[in-house]
């Protein structure tokens, strides 16, 4: 049994031991520790492997020679110490990877629900963050008459912006239970963000579009959109005409006296509404790697994609932006496309 190996119990307790003769007792059991053809062992040296100050294992060296000299012992203990440090690093990385997966699952945009009579598609890219989370977000909530949607851009990038995104989404999930009117709901969200007891709250704001999609008898959709400092959504008609839906408003959670805008538009069958974050138009690339993708280029891309279903249109836009930026994303990107569907 391994418990008969000299120094092993001490190593598991974190203590260093000196070389010892290979035990003659239980040779048959201990021989299982050695590779085939090793021969008769004579000396064993067991060194503790410490990870973050705690024993994580033991390094066992066996020789056919009679002993280990002082230099051998020094090298073995140094190797065991480094191995223990590597184990500690691996454990820490595993914990961080688990945390990253939890963050990704909770902070990335969720899968869109199936809503009768409404076709939906979302697109998302995080800017240069290995966690693939950021400050842009979208979400859709089914309602009795259709759906409620939101798309926004939280201040900052990376984990900090993603945490604010989570706060905004959680607040909306709660507030929508007591208020469904977009303009009133965005005002409640603004108050909730302003009331947050956070020393860094002054930088905790977001631009936002928040709207309702109500089915109409003829198969169209009536949408009322409230806004706070976010780019206007774009209406894409079947003939390729692209029109902005002016919403306006000030960022949410930034100022105590902020004012927000609202607009109402009807989506006839075949028409599509695209909400997007400024990471799309501000993506830099092109021949000189410095030109913005821009509103004009976005409008032309939408005109060329008129008539495509939401999922195909979003995929096409993401592809164009990725190609323009050469795969280098300086800002987060979020898109949400909606249109009426026969279902």
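Every number here is computed from the coordinates shown, using simple stated rules; none is lab data. No experiment lies behind these values; they were computed from the predicted model shown. Virtual Cβ from ideal backbone geometry, glycine too; neighbours counted across all protein chains shown.
Placing R0 at 45 angstrom, the Cβ-Cβ distance between residue 195 and residue 87 gives a FRET efficiency of 0.45 after rounding to 0.05. Considering all different alpha carbon pairs of the chain, the Kirkwood hydrodynamic radius works out to 24.2 Å. With respect to the chain, whose longest principal axis is taken over its alpha-carbon atoms, helix 158-175 is tilted by about 50°.
Tell me the angle of helix 310-325 to the major Cα principal axis of the chain, expressed in degrees between 0 and 90 and rounded to the nearest ten. Between helix and principal axis, roughly 70 degrees. Compared with the alpha-carbon gap, the fully stretched path from residue 96 to residue 292 is longer by 67.0 nm at 0.36 nm per residue. Relative to the dominant Cα principal axis of the chain, helix 182-194 is inclined by about 40°. Site pair residue 52 and residue 36 shows an inter-label distance of 4.1 nm when each label is modelled 7 Å from Cα along Cα→Cβ. Between residue 74 and residue 264, the contour length at 0.36 nm per residue exceeds the alpha carbon distance by 60.6 nm.
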